[in-house]
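As structure tokens, the structure follows; a few thoughts come after it.
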Amino acid sequence: MNSQREIFALVNFIEITRECRRQLVEDVLRGNPDLFRFLFEDKNKNVQSLYKQRYELKWLEAHWLKCKELFDNTDIPIATRREVLKIFLKWYQKFVEAWGYESADAFFFNAEIESLELLIDTNQRWTAMLNQLEMSFVRETKLLDKQIEEVKKL
């Protein structure tokens, strides 16, 4: 690792991972909704897994977005930018693979996050409908109990 480009890429990759890990700690301390639901709220293991995956993908994507922001806010020549980006992408791909994902493609992350959000929203709608149904049963049971008591009084 002798070139200035490699050093620049490494220093910034380390800084980006540091920033994202700091954000992870803040999310835990502040009770990020996806993390909270994964850790505590939802008892359904499949739904818990969806919350975990959604947070994980957004967190991994944040690394890439910070890289993009670095390139947007840094005045470096196009040829240098391309070489630094190649180095960064190589490390980022290994980083993503270490988390069990085969692709570091931003399109993949966006599509996967949208799919998880759709599954989570569907689960929330079903849960709300089931709760309404249960409340209807409770209400109807109370009405029937009341009617039975009134008939007994006659």
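The values are calculated or read from the model by the stated rules, or taken from the named source; none is laboratory data. Source: prediction; values computed, not measured. Cβ placement follows ideal geometry from the backbone for every residue including glycine, while neighbour counts extend to all protein chains displayed.
Of all positions in region 146-153, at least one carries a residue that is among the charged types (D, E, K, R), part of a helix (DSSP H, G or I), at pLDDT 80 or above and over 18 Å from residue 20 (Cα atoms). In the set (1) touching a residue at least 12 places away in the same chain (Cβ under 8 Å); (2) under 30 Å from residue 121 (Cβ atoms), the condition left unmet by residue 5 is number (2).
Each row is one residue, and each column tells you yes or no for (1) of a type in the set (Lys, Arg); (2) in a helix (DSSP H, G or I).
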| site | (1), (2) |
| --- | --- |
| 60 | no, yes |
| 69 | no, yes |
| 75 | no, no |
| 82 | yes, yes |
| 86 | yes, yes |
| 91 | no, yes |
| 94 | yes, yes |
| 97 | no, yes |
| 101 | no, no |
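For region 27-36, the condition holds for no residue, the condition being that it is closer than 22 Å to residue 15 by Cα and crowded, with 19+ Cβ neighbours inside 10 Å.
When restricted to residues that are of a type in the set (Val, Ile, Thr) and touching a Phe, Trp or Tyr at 6+ places or on another chain (Cβ under 8 Å), region 1-59 contains 1. Every listed requirement among (1) surrounded by fewer than 11 Cβ atoms within 10 Å (Cβ to Cβ); (2) modelled with pLDDT of 75 or more; (3) not basic (Lys, Arg) is met by residue 78 save one, (2). Filtering region 37-48 to residues that are surrounded by 14 or more Cβ atoms within 10 Å (Cβ to Cβ) and outside any loop (DSSP other than H, G, I, E, B) leaves 37, 38, 39, 47, 48.
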